[in-house]
Amino acid sequence: MSDYAGTYDVVVVGGGGTGLMAAWSAARNGASAVVLEKGEHIGGTTGMSVGTLTATDTRLQRSAGIKDNADWHFEDMAKFAGPLANRDNLQLRRLLVDNARETIDILESLGVVFMGPLPEPPHRFPRMHAIIPHSRGFVRQLEKACRKEGASIRTQAQVQKLLADNGRVTGVALQGGETVTARRAVILASGDFSSAGVDYKSKYMSGPLLDISGINPLSTGDGQRMGEEIGGQVINGDLAWGPEIRFRAPPNPSIISKLPPWPLLARLILKGMKIVPDKLMRPFLLGFVTTFLAPSHQLFQKGAMLVNLDGVRFCDELNRPQDHIGKQSDKSAWIVFGSEVAEQFRAYPNFISTAPGVGYADLTDYEKTRPDVVCKAATMVELAQKMGVGADVLKSSVQEFNASRTPEDGRAAIEAGPFYALGPVLSWIVFSEGGLKVDERLRVIGGDGEPVPGLYAAGSAGQGGVLLEGHGHHLSWAFTSGRLAGAHAASDS
Ligand SMILES: Cc1cc2nc3c(=O)[nH]c(=O)nc-3n(C[C@H](O)[C@H](O)[C@H](O)COP(=O)(O)OP(=O)(O)OC[C@H]3O[C@@H](n4cnc5c(N)ncnc54)[C@H](O)[C@@H]3O)c2cc1C
């Protein structure tokens with residue numbers, strides 16, 4: 001609660017997973033706190049995510065008989081980093097692995113229900129915890145928890161500027177001129193910059209990342225920009241998850257995403273998953289796999305072609321096709337193949353999309369659950385009609401594709417029907433990795449190498465150069481860094 005209008009101990013910029021956790025944590029530690037969210041709803045990218053968190057020594061790991069620890073997690077994270085390893089922030093990696101378990105414990109105590117742990121090599125043990133039924137559960141339970149602790153949440157409150165006095169951050173200015181004062185600290189929890197304008201993105205990124213935008217249009221890097229204005233520095237700004245090819249969202253939400261995120265329902269689903277045969281659970285999981293996940297590049301390796309919305313082939317499908325879609329009209333394309341590829345993708349081991357340990361979807365599953373992205377036709381002329389492209393153009397693209405194959409690449413020709421087109425697909429930045437440089441207390445580090453008094457950053461905005469490769473580390477970082485930033489900010493003086 002605010003002591004008087006517009007003044008709080010802790011002001012949190014952004015109402016995604018990081019910001020909600022930060023406000024809860026600040027309030028829990030005795031501070032008055034407010035979350036300022038620019039969107040109409042809270043949730044951010046967190047509420048759009050698949051919803052996995054990776055951690056060790058959790059209740060679920062222990063009940064699965066797994067003896068694991070933070071040291072091994074620390075070591076295994078390095079195996080995901082590959083050639084980027086020397087760009088990692090080891091202090092923040094340590095902070096993450098040491099605190100992720102408590103984050104999961106807290107989320108569970110607030111009513112979040114997880115399944116797992118799920119395996120993801122090269123992790124030596126299953127460590128991934130997946131929320132049931134979907135990631136809006138984080139948002140709902142944290143919102144309730146914030147209100148219970150007395151933290152305020154405001155939507156449609158876009159923060160434009162940090163206010164400072166004598167080098168200390170003292171609050172924020174909102175669009176429209178209103179100011180909100182922070183007695184102790186401001187926490188930037190405003191997400192990544194995948195959807196920022198080219199002007200900002202080109203400070204750090206180059207090439208195809210500049211042609212495409214992020215999955216969350218509100219991820220415009222406001223926190224990074226405001227932090228830089230006050231002397232902060234963005235680390236690993238050139239790194240992003242993407243470009244990645246994905247289908248458009250379905251016109252109607254999947255069965256899973258329509259489920260209310262009630263803890264009781266989540267527990268019933270979890271029970272059901274243990275006792276209901278896989279065959280019955282599969283249609284339920286499929287809605288998720290065909291809605292949120294990217295089509296596998298295996299399709300291209302086996303003989304699928306990419307054409308743009310005019311039916312013209314525009315790239316070598318075996319050489320980072322995702323980099324070329326952003327330059328096509330509507331930044332969109334179709335994946336086209338014949339019966340030989342279709343038959344292969346109807347059965348193990350070829351899947352159009354997979355979520356490690358959760359589920360997989362083949363062509364038959366896509367026909368059932370995503371008819372909006374599947375065109376099937378007996379002839380190339382009929383396929384062209386269904387795609388809305390010229391038949392002659394499509395035929396000549398197919399000829400060009402067939403001629404481009406080599407005996408070494410082993411790709412099937414597109415020659416026998418039925419023919420298929422999946423799409424349109426777009427190329428996206430799933431999220432960018434560049435966040436403000438922070439210390440182990442999540443304080444933003446200024447140009448002089450010292451913490452900027454009164455300013456913290458967490459989640460994507462405060463990623464600080466820690467590499468979060470693999471699945472489940474970004475959300476673990478978001479909630480863990482938010483939680484720690486909230487606690488430190490509550491006692492900042
Ligand atoms: C499709 C998808 C699936 C994913 N799945 C996973 C997964 O399963 N596991 C995993 O670990 N990671 C996953 N991620 C990544 C993960 O979701 C993000 O890294 C994480 O949610 C970032 O949290 P955040 O709180 O920092 O940002 P966000 O959740 O985006 O929250 C930031 C909030 O700040 C608000 N904001 C921005 N600017 C301002 C401003 N000026 N004023 C006020 N408010 C502002 C935004 O509107 C937003 O609500 C996924 C990402 C995507 C896109």
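Contact order for the chain, expressed relative to its length and based on alpha carbon pairs under 8 Å spaced 6+ residues apart, stands at 24 percent.
Dimensions of the stretch 138-202 based on its C-alpha atoms, expressed as ranges along the principal axes with the largest first, amount to 40, 32, 21 Å. Loop-located trypsin sites (Lys or Arg not before Pro) in the stretch 95-164 (DSSP state not H, G, I, E or B) with no more than 16 neighbouring Cβ atoms inside 10 Å: Arg124. Here is how the number arises for the chain: DSSP H runs of 4 or more residues each give -39500 (n - 2.57), the sum is divided by the residue count, and the result at 222 nm is -10000 deg cm²/dmol. Counting only DSSP beta bridges with both residues in the chain, the antiparallel share comes to about 70 percent.
Which of Ala70, Leu426, Ala333 sits closest to the plus end of the dipole of the chain, meaning its Cα is farthest towards the positive end, when Lys and Arg get +1 and Asp and Glu get -1 on the C-beta? Result: Ala70, furthest along the dipole toward the positive end. Between Arg441 and Ser491, the modelled label-to-label distance comes to 0.9 nm, taking each label 7 Å out from Cα in the direction of the beta carbon. Averaging 1/r across all pairs of distinct Cα atoms in the stretch 348-430 and inverting the result yields a Kirkwood radius of 14.8 Å.
By the compact-protein rule of thumb, 2.2 N^0.38 Å, the alpha-carbon radius of gyration of the chain corresponds to a ratio of 1.02. Can you pull out the GluC sites (Glu not before Pro) in the stretch 374-446 that DSSP calls coil and that have at most 10 other Cβ atoms within 10 Å? Answer in residue order: Glu408.
Sorted from longest to shortest, the spans of the Cα atoms of the stretch 62-211 along the three principal axes equal 55, 45, 33 Å. May I ask for the net charge around Lys302, where only other residues with Cβ less than 13 Å from the Cβ of Lys302 are counted and Lys, Arg are +1 while Asp, Glu are -1? For residues surrounding Lys302, the net value is -2. With a cut-off of 11 Å between beta carbons, the residues surrounding Asn402 carry a summed charge of +2, where Lys and Arg count +1 and Asp and Glu -1.
Remark on the stretch 305-407: Rg and Dmax equal 14.3, 43 Å (Cα only). Taken along the Cα-to-beta-carbon direction at a fixed 7 Å, the label points for Arg320 and Thr406 span 1.9 nm.
With each label modelled as a point 7 angstrom along the Cα→C-beta vector, the Leu84-Lys327 pair spans 2.4 nm. If you wrap the Cα atoms of the stretch 289-349 in a convex hull and average its projected area over all directions, you get 4.7 nm². Cβ-to-Cβ counts within 10 Å put Leu163, Leu90 in ascending order as Leu90, Leu163, the fewest first. Backbone N atoms of the stretch 369-390 closer than 17 Å to the 7 Å Cα→Cβ label point of Glu340 belong to residues 380. The Glu229 and Asp105 beta-carbon pair, evaluated with R₀ = 35 Å, returns a calculated FRET efficiency of approximately 0.40.
Just so you know, all these numbers are worked out from the coordinates, no wet-lab data involved. The shown structure was predicted, so the numbers you read here are calculated from the model rather than taken from an experiment. Methodologically, a virtual Cβ is constructed for each residue, glycine included, from the backbone with ideal geometry; neighbour enumeration extends over all protein chains shown.
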